[in-house]
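A short write-up of the structure that comes next.
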Amino acid sequence: DMLTELMASLADQSLPQKLKQYTSPEILLIDELGFDRLEQQDAKNASLFFKVIDGRYCKGSTLSTTNIDFKDLGDYLGDPVVTTAIVDRMVHHSIILTIQGHSWRIHESKKLNTQARKGRSKN
């Protein structure tokens, strides 16, 4: 949604105001980066994403979740050179948590279904 808003702001000349919306908060959460292939549709997205990360660099906390490795992010955003600068700023002064394993949602679903089967067998 952030990249969609920033891309739209290019058309109506509101980019500075939109960037401020994303660069000024103390904490910005960018959840599911790479979840939607929309980010790949235009290489300008890498540049817009850079503007947000650079504007926040050493000024606020930025939390990001993604299923994409840093090495693959350049291909994903469509501009490996700009993405290198993004990653450089993202990892500097950062704590990176890599979570491996099974999906928590699938785990919860299996648990719920097991409980439901037990409940039906008692009836």
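The values are calculated or read from the model by the stated rules, or taken from the named source; none is laboratory data. Keep in mind the model is a prediction, meaning the values are calculated, not measured. Every residue, glycine among them, receives a Cβ derived from its backbone with ideal geometry; neighbour counts consider all protein chains shown. Ligands, DNA and RNA are stripped out before the accessible areas are found, and what is left, the full protein with its side chains, is counted by its heavy atoms. Shrake-Rupley method; radii C 1.70, N 1.55, O 1.52, S 1.80 Å.
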Tell me, which residue of segment 30-65 that is at pLDDT 85 or above, within 17 Å of residue 89 (Cβ to Cβ) and assigned to a strand (DSSP E or B) is most open to solvent (accessible area, probe 1.4 Å)?
63
Counting only residues that are open to solvent by 80 Å² or more (accessible area, probe 1.4 Å) and either assigned to a loop (DSSP other than H, G, I, E, B) or within 19 Å of residue 44 (Cβ to Cβ) (or both), segment 66-103 contains a total of 14
Failed condition for residue 27, given (1) surrounded by 11 or more Cβ atoms within 10 Å (Cβ to Cβ); (2) under 17 Å from residue 2 (Cβ atoms), with all others met?
(1)
Which condition from (1) more than 15 Å from residue 1 (Cα to Cα); (2) more than 14 Å from the chain's Cα centre (by Cα); (3) among the polar types (S, T, N, Q) is the one that residue 21 breaks?
(1)
